[in-house]
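Worksheet: one structure, shown below.
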Amino acid sequence: MSRTNFEALLEAGAHFGHLKRKWNPKMAPYIFMEKNGIHIIDLHKTVLKIDEAAAALKQIAKSGRRVLFVATKKQAKEIVAEKVAAVGMPYVTERWAGGMLTNFPTIRKAVKKMTTIDKMTTDGTFDNFSKREKLQIARQRAKLEKNLGSIADLTRLPAALFVVDVQKEANAVKEAKRLSIPVFAMVDTCCDPTDIDYVIPANDDAAKSIAVILEAMCGAIAEGLEERKLEKEKEAQENAAAEAEGAKQAKPRIKKAVKASFDAEEAAVAEVVAATEEAKAE
């Protein structure tokens, strides 16, 4: 069953492309027609591409890996923050910090700094600073939270990148390609789909269009996480059953071993007694 349908995408305005003069010829396979100087995207292809991308994201989530969502444009920020946070995935809605992927260890240090400041606040060390130092640290903490707070739990490089606007997030796409991280993206008629592994041809400017596609992606991730959880529970039950069975089989073995040891001791005592009696008789 499809994650979304033609009518939902049409209602959201996902079919509206850019002006004809702004188009990228590489997007020609996904363009249905031109109307009033504007390209119209073929939504039948969009539905297929959404299903393809959702299936891949579901498998990534099921394997326990993370997907980083990137959307720094105004109309996408709130939608991404709300929907992606609900499935527990990291996201970037503020400025893309250069080297967020290619210089990941340095980004992790900045995140650890944020954790250190939090620790200082809780253990009372923060109270030893002067008023001016407290203010400086608080500002630094707020800045780190704004830019990196949403990726605080990203302890290693993500398994995939989901981008809302390819042109605006060009640096993020370049970094992902350099590290061979697969890129999923909403691609409008003015964008170049060459570096995108999973192209979703759609209007990347309309908030409704972004919401419909993200709903499908996050739904697939949620399913993958649920399946992973069920598999782990099943595995835990099987392991517990195997341990219980092993313990049952071990008990008779222990009894047999104890009995054999006891019999051996009795035989040894009997031999000593017999030898002593023979010595007395002589």
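General remarks:
- Length added when fully stretched, Arg178-Gln237, from 0.36 nm per residue minus Cα-Cα: 17.0 nm
- 14 Å beta-carbon shell around Glu145, net charge (K/R +1, D/E -1): +4
- Residues with amide H under 5 Å from that of Phe32, placed H, sequence gap 5 or more: Ile40, Ile41, Asp42
- Mean separation of Cα contacts under 8 Å, 6 or more apart, over the residue count of the range 1-152: relative contact order %: 16
- Taking a ≥ b ≥ c as the square roots of the eigenvalues of the Cα gyration tensor, the range 57-102 is classed as oblate, since a/c reaches at least 1.5 and a/b does not exceed b/c.
- Counting DSSP beta bridges with both ends in the chain, the antiparallel % (nearest 5): 30
- In this simple spin-label model, placing a label point 7 Å from the Cα along the Cα-to-Cβ direction at both Arg108 and Arg228 gives a separation of 1.8 nm.
- Cβ-based net charge around Glu11, under 15 Å, with every Lys or Arg adding one and every Asp or Glu removing one: -1
- Proximal lysines relative to Lys168, as straight alpha-carbon distance under 17 Å, when same-chain residues fewer than 8 apart are discounted: Lys22, Lys73, Lys74, Lys77, Lys177
- Value of [θ]222 nm, deg cm²/dmol, for the chain, DSSP H segments ≥ 4, -39500 (n - 2.57) each, nearest 500: -20000 deg cm²/dmol
- Of the three principal axes defined by the Cα atoms of the chain, the extents in descending order read 126, 61, 31 Å.
- Taking the chain and dividing mean pair separation by its residue count, relative contact order in percent (alpha carbons under 8 Å, at least six apart): 27
Every number here is computed from the coordinates shown, using simple stated rules; none is lab data. Everything quoted here is computed from the prediction, not taken from an experiment. Quick reminder, even Gly has a Cβ in these numbers, built from the backbone with ideal geometry, and neighbours come from all protein chains shown.
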